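The values are calculated or read from the model by the stated rules, or taken from the named source; none is laboratory data. Model, not experiment: these values are computed from the prediction. Using ideal geometry, Cβ is built from the backbone for each residue, glycine included, and neighbour counts are taken over all protein chains shown.
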Amino acid sequence: MPRKKTSKKRGFSLNDLPTVNLKNRKGIAAFNPDVRLQKREVVAQALWQCLVENDIAAFKEILRSHLEVTNKDKLAQKAGIPRRTLFRMLTPKGNPTLENLGKIIHQLCA
């Protein structure tokens, strides 16, 4: 059986890229997603876009992230849904009803 020829060329490696040292960190702005996730208008717009695009997984992820930085009890109380229902609908296997989603979106937009 004849031997296979192999190339002596090396493939692309990230080690070959030049490094850039950021000594004074000038021009780099700190980004904290918690600040944006606390803004109800931004979250409501993102949730609406998820519904338009039929992306339920992203909807639940955005809502879950928003609830991590805000008071869950207040939202559940204002929306008129039990707190346990709110948490259950955000689990990966959760299947929120349209009525509950409507209450949450209405509360975020109000």
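Only one of 51, 108 is surrounded by fewer than 16 Cβ atoms within 10 Å (Cβ to Cβ), under 20 Å from the mean Cα position of the chain (by Cα) and either under 20 Å from residue 34 (Cβ atoms) or of a type in the set (A, V, I, L, M, F, W, C) (or both); which? Exactly one of 51, 108 is surrounded by fewer than 16 Cβ atoms within 10 Å (Cβ to Cβ), under 20 Å from the mean Cα position of the chain (by Cα) and either under 20 Å from residue 34 (Cβ atoms) or of a type in the set (A, V, I, L, M, F, W, C) (or both), namely 51. Would you mind stating whether residue 87 is aromatic (Phe, Trp, Tyr) and under 13 Å from the mean Cα position of the chain (by Cα)? It is false that residue 87 is aromatic (Phe, Trp, Tyr) and under 13 Å from the mean Cα position of the chain (by Cα).
Here the stretch 54-79 is the region considered, the condition is being assigned to a loop (DSSP other than H, G, I, E, B) and at pLDDT 85 or above, and the residue that is surrounded by the fewest Cβ atoms within 10 Å (Cβ to Cβ) is 54.
Which members of the stretch 66-91 meet the condition of being out of contact with any Lys or Arg (no Cβ under 7 Å at 6 or more places or on another chain) and touching a residue at least 24 places away in the same chain (Cβ under 8 Å)? Before the answer, list the steps.
So in the stretch 66-91, the residues out of contact with any Lys or Arg (no Cβ under 7 Å at 6 or more places or on another chain) come out as 66-71, 74-75, 77-78, 82, 84-85, 87-89, 91.
Answer for the stretch 66-91, where residues must be out of contact with any Lys or Arg (no Cβ under 7 Å at 6 or more places or on another chain) and touching a residue at least 24 places away in the same chain (Cβ under 8 Å): 66, 68, 69, 70, 75, 78, 89.
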